[in-house]
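The values are calculated or read from the model by the stated rules, or taken from the named source; none is laboratory data. What you see is a predicted model, and the numbers here were worked out from it, not measured in a lab. With ideal geometry, Cβ positions are generated from the backbone for all residues, glycine too; neighbour counts draw on all protein chains shown. Calculation scope for accessible area: heavy atoms of the full protein, side chains included, ligands and nucleic acids excluded. Shrake-Rupley method; radii C 1.70, N 1.55, O 1.52, S 1.80 Å.
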Amino acid sequence: MANTKSLKTIFSITVVNLILSFGSAKSSTFYENLSPKSLRLKKEKLCHLHFFFHDIVSGPNPTAIRVADSPSTNSSSTLFGYIAMIDDPLTMGPEPESKVVEKAQGIYGSASQHELGLLMVLNFVFTEGKYNGSTLSLLGRNAVFFSIREMSIIGGSRAFRFAREYAQAKTHTFDLKTGNVVVDYNVYVLHY
Ligand SMILES: *[C@@H]1O[C@H](CO)[C@@H](O)[C@H](O)[C@H]1NC(C)=O
Ligand SMILES: *[C@@H]1O[C@H](CO)[C@@H](O)[C@H](O)[C@H]1NC(C)=O
């Protein structure tokens, strides 16, 4: 009886030591390899999004406001140095009263001295449907006088974790009087 008991005790101590040493070995690093299954990542999906981007620069409620420029910006033919902060509505159709499904929040700035080329740094913030609360991040060069401009989708959140791929922008209307622009966006995203 006594022998079995002490064997049991030795066994338990050994098990405890093993667990402890395993635990300490694990905590000696701050990184690990994971299987995609552990984050419940299954099949990668391709999603196509289509919406209209309304950049409203004038009137009583502009959605794009100039936040910076340099003394030479106004004399530059490409407004080099101009920077705007935007919270632009993204709608299903091209009309201003069309249903808003997302916002484009971020910054664009004139980054080219020789032709109009904008640096775009934006988050598409979804406010409707199954992607409500998710975001996609866009970074790219927008040479606005070209018919189709392609920019990168560099990531996303929630439904768009691990997202990547591209966006194509095409000017729908440009109002010379107000400066307001409506842009047709097609976005292709790979995500899980
Ligand atoms: C450039 O022009 C805008 C208005 O057209 C003005 O608000 C701004 O102050 C000017 N910037 C500089 C640096 O002069
Ligand atoms: C989108 O999500 C927000 C925050 O969770 C919620 O308040 C809003 O009602 C949702 N909108 C739709 C259309 O589901």
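Only one entry in PHE145, PHE80 is open to solvent by 40 Å² or more (accessible area, probe 1.4 Å), closer than 24 Å to ILE65 by Cβ and within 16 Å of ligand 1 (Cβ to nearest atom), namely PHE80.
Results for (1) within 16 Å of ligand 2 (Cβ to nearest atom); (2) in contact (Cβ under 8 Å) with a residue 60 or more places away in the chain; (3) farther than 18 Å from ALA167 by Cα, shown as yes or no for each residue.
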site: LYS42; (1), (2), (3): no, yes, yes
site: SER58; (1), (2), (3): no, yes, yes
site: LEU79; (1), (2), (3): no, no, yes
site: ILE107; (1), (2), (3): no, no, no
site: MET120; (1), (2), (3): no, no, no
site: LEU139; (1), (2), (3): no, no, no
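On inspection, ALA111 fails the criterion of being under 19 Å from the mean Cα position of the chain (by Cα), at pLDDT 95 or above and not polar (S, T, N, Q). Of all residues being without any contact (Cβ under 8 Å) to a residue 24 or more places away in the chain and of a type outside the set (Val, Ile, Thr) in segment 122-133, which is farthest from ligand 2 (Cβ to nearest atom)? Just the residue, please. The extreme case among them is ASN123.
The residues of segment 40-72 that are part of a loop (DSSP other than H, G, I, E, B) and farther than 23 Å from ILE83 by Cβ, listed by number, are ARG40, LEU41, LYS42, LYS43, GLU44. For segment 83-95, the set of residues classified as away from ligand 1 (no atom under 16 Å from the Cβ) and among the hydrophobic types (A, V, I, L, M, F, W, C) consists of ILE86, LEU90, MET92, listed by residue number. Condition test on LYS37, is it open to solvent by 60 Å² or more (accessible area, probe 1.4 Å), at pLDDT below 95, closer than 30 Å to ALA159 by Cα and assigned to a loop (DSSP other than H, G, I, E, B)? Answer is no for this residue. For segment 159-179, filtered to residues that are of a type in the set (Lys, Arg) and over 11 Å from the mean Cα position of the chain (by Cα), the residue that is farthest from ligand 1 (Cβ to nearest atom) is LYS170.
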